[in-house]
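Contents: one structure, followed by commentary.
The values are calculated or read from the model by the stated rules, or taken from the named source; none is laboratory data. Given the structure is predicted, the values throughout are model-derived calculations rather than measurements. Ideal geometry is used to build each Cβ from the backbone, glycine not excepted, and the neighbour counts take in all protein chains shown.
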Amino acid sequence: MILCDDGSYEAMDYVFPPYYLGDAPMWEAAARVKEVVSIPVAACGSLTPEIGERLIAEGSADLVALGRPLIADPDIVVKLEQGRRADIRPCIRCNQLCTGNAFFGLPVACAVNPEAGFELERVIEPGSVTEPKRVVVVGAGPAGLEFARVAGLRGHHVEVYEKGDSIGGVLLPAATPDFKRELFHMIGWWEHQLEQIPTVSIHLGHQITAADEVLAGADVLVLAIGSHPFVPEAVAVDPGARPVDVLEFHRGAPLGKRVVVCGGGLSGADAALEIAKAGHEVVILEMVEEIAGDMLMLNRISLLRELEAHGVEIRTRTLVKEITPAGVRVTGPEGAEELIEADTVITAFGLKPAKGEGDTLATAVPGAEIIRVGDCVKPGKVGDAINDAYVAALAL
Ligand code: SF4
């Protein structure tokens, strides 16, 4: 048989397609080869079961090959056979801990499946705890949801409280670009898993305060309250300016024609791409030499190609001094000051852990064990939040 993909030294990102490349970015490789050979041909690369079925049905491939989806969920084939599609944990195509680890000489792990690579150490034994605890989880983002899943499966009584009207936390706004659709599927996966655990309940639209009666009698308080966007003190904001932080943008804040994004980290760059794809004129301002500097090389190749294809202007070594109603006043690479005009300014300088709120809640439950997970410890990648929460819940 021949397994067809488009990855090469000239297109390294296609070896392990990051989420920027969307679903099935190289199915045509299989279809083209199948036209001219008589032996079996396999398609691969960011395929969902549904796309795989379609490729086979329409004659574009004889079979589909799965790599990362089997790391995210080794039981994908069994679950499909059993008609349990909703139980399949999706690969979010982040490359963070599978390919990413391999680049650093580390064993393969997974952002969404904390058991991958730790099959002997990380084993959930359902209902195994002999003294179930009453666990209150504050926040239904990835860390809170994973903690609830693992603790609940092990037999603890878990109540999850979320101030918003849906689960997902920071993943919800992060998943708005079409190219991050698998993040939405991940939220749906947690929802389906938690529905099946009788000792877990989820309470939406409930903001926990220190005086909240649900805290009384909790054995364990899990703080999964996330983080807040911030503007550095060195950046002046004119009282007449109306900057939009990157989370507000993802939640639907209206944008003008020309958008300047302050901060070229992962969230700023992804927002810039999404905005440019929607037809806006976009400029990214970044203080250091390059944007998304801490991103995995494979993902960065895709990101930079997409930003260029959508006409995003990238200004590096450019320091934001002031946000004004007319735009952003900056100091450029040669030290010259300049006003970069904008109809909308988006701030994506970074996130700060929601520490103060956590401290207040922690003191409200004397005697309870306090566990902090996710961005409220240190804002990071989703895979870190999920893995840390899994390990903490397994130790409870
Ligand atoms: S680390 Fe990310 S890309 Fe790799 S298998 Fe897990 S979810 Fe998929």
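Checking the stated criteria, residue 125 turns out to be surrounded by fewer than 16 Cβ atoms within 10 Å (Cβ to Cβ), farther than 25 Å from residue 300 by Cβ and away from the ligand (no atom under 12 Å from the Cβ).
Evaluating residue 283 against the criteria (1) out of contact with any Cys (no Cβ under 8 Å at 6 or more places or on another chain); (2) within 30 Å of residue 137 (Cβ to Cβ) leaves one unmet condition, (2).
Residues that are acidic (Asp, Glu) and within 16 Å of the ligand (Cβ to nearest atom): does segment 128-142 have at least one? Checked against the condition, which is being acidic (Asp, Glu) and within 16 Å of the ligand (Cβ to nearest atom), segment 128-142 yields no hits at all. Which residue pairs have Cβ atoms closer than 8 Å, lie 6 or more positions apart in sequence or on different chains, and pair a first residue in segment 111-127 that is over 17 Å from residue 92 (Cα atoms) with a second residue that is away from the ligand (no atom under 13 Å from the Cβ) and in a loop (DSSP other than H, G, I, E, B)? As it stands, the answer is 126/155; 127/155, since those pairs meet every condition given.
Conditions tested, residue by residue: (1) part of a strand (DSSP E or B); (2) more than 28 Å from residue 249 (Cα to Cα); (3) in contact with a helix residue (DSSP H, G or I) (Cβ under 8 Å, 6 or more places away or on another chain).
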site: 329; (1), (2), (3): yes, no, no
site: 335; (1), (2), (3): no, yes, no
site: 340; (1), (2), (3): yes, no, no
site: 346; (1), (2), (3): yes, no, yes
site: 352; (1), (2), (3): yes, no, no
site: 356; (1), (2), (3): no, no, no
site: 391; (1), (2), (3): no, yes, no
site: 396; (1), (2), (3): no, yes, yes
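Against the test of being on the phi < 0 side of the Ramachandran plot, buried (at least 20 other Cβ atoms within 10 Å of the Cβ) and not hydrophobic (A, V, I, L, M, F, W, C), the options 164, 144 yield a single qualifying residue, 144.
Each row is one residue, and each column tells you yes or no for (1) surrounded by 14 or more Cβ atoms within 10 Å (Cβ to Cβ); (2) in the same structural domain as residue 142 (by TED's automatic domain parsing); (3) of a type in the set (Lys, Arg); (4) under 18 Å from residue 370 (Cβ atoms).
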| site | (1), (2), (3), (4) |
| --- | --- |
| 207 | no, yes, no, no |
| 215 | yes, yes, no, yes |
| 219 | yes, yes, no, yes |
| 223 | yes, yes, no, yes |
| 242 | no, no, yes, no |
| 245 | yes, no, no, no |
| 248 | yes, no, no, no |
